[in-house]
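The values are calculated or read from the model by the stated rules, or taken from the named source; none is laboratory data. This is a predicted model, so every value here is computed, not measured. Cβ placement follows ideal geometry from the backbone for every residue including glycine, while neighbour counts extend to all protein chains displayed. For the accessible areas, the whole protein counts, side chains as well, though only heavy atoms, and no ligand, DNA or RNA atoms are used. Shrake-Rupley method; radii C 1.70, N 1.55, O 1.52, S 1.80 Å.
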Amino acid sequence: LLPDECTKDTLYMQFLCDDGRNSLERRLYGEWMWYLTGKRKPVEYRQRYEAVLDEVEEELSRSPGPFFMVNTGTNGGGGVNHPTLADIKFIPFLERQASSLMYYKGFNVRDEKRWPNLVQWFEAMEARPSYRPTKSCSYTHSRALPPQLGSGCTFGDGCEEMRDAIDAYCLPASEESTRAAMEWRERGWEAYYESDENSSKRIARREAAERIISNQERICKFAARAAGTPGFPAASAELADPKAESNEFAQVAVDVFLRYTVDLLLDGNENGDNKSMWMMMKKEAPTVDMADKVKESKSLQMASEALAKGGDMTVQATIDCLDYLRQRIGVPRDMSYPAAQELREALLAVSTLLVKRGILTDGGVEEGMRKVAYP
């Protein structure tokens, strides 16, 4: 990870990432902060950020491989281009820069025409098994960064298309996304998928199902906060409410529909046999769209009809709980991005069914109605 001491490689690494605020990595970080949070001169902030990003591209272009440095010393490198401490210092912040600027500014850091070596570097890092489990996604970063920064992030002109695409599976069930937004998938996760799309989907769905099954009781309690009492004082993070009180009556309905969600993920069938699990292991068996699976599940249809008998407010409270959970799936804290997308899609399909079953208004459950819906 480190070059031999007192060599030109030592000085080069210092220039890249080990010279305090003067290092290339810290200068890029500083311009990112101005561009992401600044309000007064957005054009200037973008140009300054692009200028330093051009420097990063230039340094990568000098390397014979995808990473920043070639280790020419005696510490195990032997002239091989492989990740060093420079790459390790750059990757967490460049990952956040690519995600946050896409969401808030519609800015594409992974522009192959302008920064081809930077894109190659991203792909080389993402291909490494040691890095993949730590990689987050644009939705997670877009929600986690504002409270961390304190000053907040500012939206730029032209960001709407990418913002809507990133948020598509995390909006309330009562709000509809465009087809293009629903079909969009984030770049940088190609190494997670196998060559066979059906097999990759099954692996992701099984991962998501395992996460729910292994912690079912606590997840139900967490999701039922949406029908409970909000914490006071409110947390600074939009989606965080550590002092909220869960509604124990709502947990029963959440548990029922989470079980159906897991069944959708595992390609479950109505007969209770093991045929679906066997089919999951066969690559040639096509995966089924979540919305179609909801339509085919007679027991899920019956469960939604039974819930509707409890009244519109009970249905809406249950939807709010499922939405609450769907909006708070974090990558990689909870699961990988492919698994998170499959779980979000399954939860959305169940919530959408409940929306259609109830006679619902546009908004969620009003404060005064929560105890009526779930005593």
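Scanning segment 99-143 for residues that are at pLDDT 95 or above and aromatic (Phe, Trp, Tyr) returns Tyr103, Tyr104, Phe107, Trp115, Trp121, Phe122, Tyr139.
Residues are listed down the side, and each one gets a yes or a no for (1) without any contact (Cβ under 8 Å) to a residue 12 or more places away in the chain; (2) open to solvent by 60 Å² or more (accessible area, probe 1.4 Å); (3) over 26 Å from Asp54 (Cα atoms); (4) among the polar types (S, T, N, Q):
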{"position": "Glu126", "(1), (2), (3), (4)": "no, no, no, no"}
{"position": "Ser130", "(1), (2), (3), (4)": "yes, yes, yes, yes"}
{"position": "Cys159", "(1), (2), (3), (4)": "no, no, no, no"}
{"position": "Ala165", "(1), (2), (3), (4)": "no, no, yes, no"}
{"position": "Glu175", "(1), (2), (3), (4)": "yes, yes, yes, no"}
{"position": "Met182", "(1), (2), (3), (4)": "no, no, yes, no"}
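Looking at segment 124-133 only, could you name the residues that are part of a helix (DSSP H, G or I) and in contact with a helix residue (DSSP H, G or I) (Cβ under 8 Å, 6 or more places away or on another chain)? Matches in segment 124-133: Met125, Glu126, Arg132.
Residues being more than 16 Å from the chain's Cα centre (by Cα), of a type in the set (Gly, Ala, Ser) and within 30 Å of Thr318 (Cβ to Cβ) are represented in segment 192-210 by at least one member. Contact annotation: residue pairs with Cβ atoms under 9 Å, 6 or more positions apart or on different chains, pairing a residue in segment 52-64 that is touching a residue at least 12 places away in the same chain (Cβ under 8 Å) with a partner that is part of a helix (DSSP H, G or I) and polar (S, T, N, Q), are Leu53/Gln97; Val56/Asn117; Glu57/Asn117; Glu59/Asn117; Leu60/Asn117; Leu60/Gln120; Ser61/Asn117; Ser63/Asn117. Among the aromatic types (Phe, Trp, Tyr), open to solvent by 70 Å² or more (accessible area, probe 1.4 Å) and assigned to a helix (DSSP H, G or I) - does that describe any residue in segment 42-59? No, every residue in segment 42-59 fails to be among the aromatic types (Phe, Trp, Tyr), open to solvent by 70 Å² or more (accessible area, probe 1.4 Å) and assigned to a helix (DSSP H, G or I). Could you list, in sequence order, all residues of segment 16-47 that are more than 26 Å from the chain's Cα centre (by Cα) and more than 17 Å from Phe93 (Cα to Cα)? Residues satisfying the conditions are Lys39, Arg40, Lys41, Pro42, Val43, Glu44, Tyr45, Gln47. Condition test on Ala223, is it in contact (Cβ under 8 Å) with a residue 24 or more places away in the chain and either in contact with a strand residue (DSSP E or B) (Cβ under 9 Å, 6 or more places away or on another chain) or of a type in the set (A, V, I, L, M, F, W, C) (or both)? Answer is yes for this residue.
When restricted to residues that are at pLDDT 85 or above and either not hydrophobic (A, V, I, L, M, F, W, C) or not in a loop (DSSP other than H, G, I, E, B) (or both), segment 240-283 contains 24. Annotation for segment 297-315: at least one member residue is farther than 30 Å from Arg96 by Cβ, open to solvent by less than 10 Å² (accessible area, probe 1.4 Å), at pLDDT below 95 and not polar (S, T, N, Q).
Within segment 100-120, the set of residues being assigned to a helix (DSSP H, G or I) and free of Cβ contacts under 8 Å to residues at least 60 places away in the same chain comprises Pro116, Val119.
Would you check if Thr134 is out of contact with any Leu (no Cβ under 7 Å at 6 or more places or on another chain), touching a residue at least 40 places away in the same chain (Cβ under 8 Å) and of a type in the set (Ser, Thr, Tyr)? Yes, satisfied.
Quick check, is Ala291 at pLDDT below 95, of a type outside the set (Asp, Glu) and under 26 Å from Ala165 (Cα atoms)? Yes: the conditions hold for Ala291.
Answer yes if at least one residue in segment 138-147 is in a loop (DSSP other than H, G, I, E, B) and in contact (Cβ under 8 Å) with a residue 60 or more places away in the chain, and no otherwise. No, segment 138-147 contains no residue that is in a loop (DSSP other than H, G, I, E, B) and in contact (Cβ under 8 Å) with a residue 60 or more places away in the chain.
Residue by residue through segment 212-239, note down the ones that are charged (D, E, K, R), surrounded by fewer than 20 Cβ atoms within 10 Å (Cβ to Cβ) and in a helix (DSSP H, G or I).
Glu217, Arg218, Lys221
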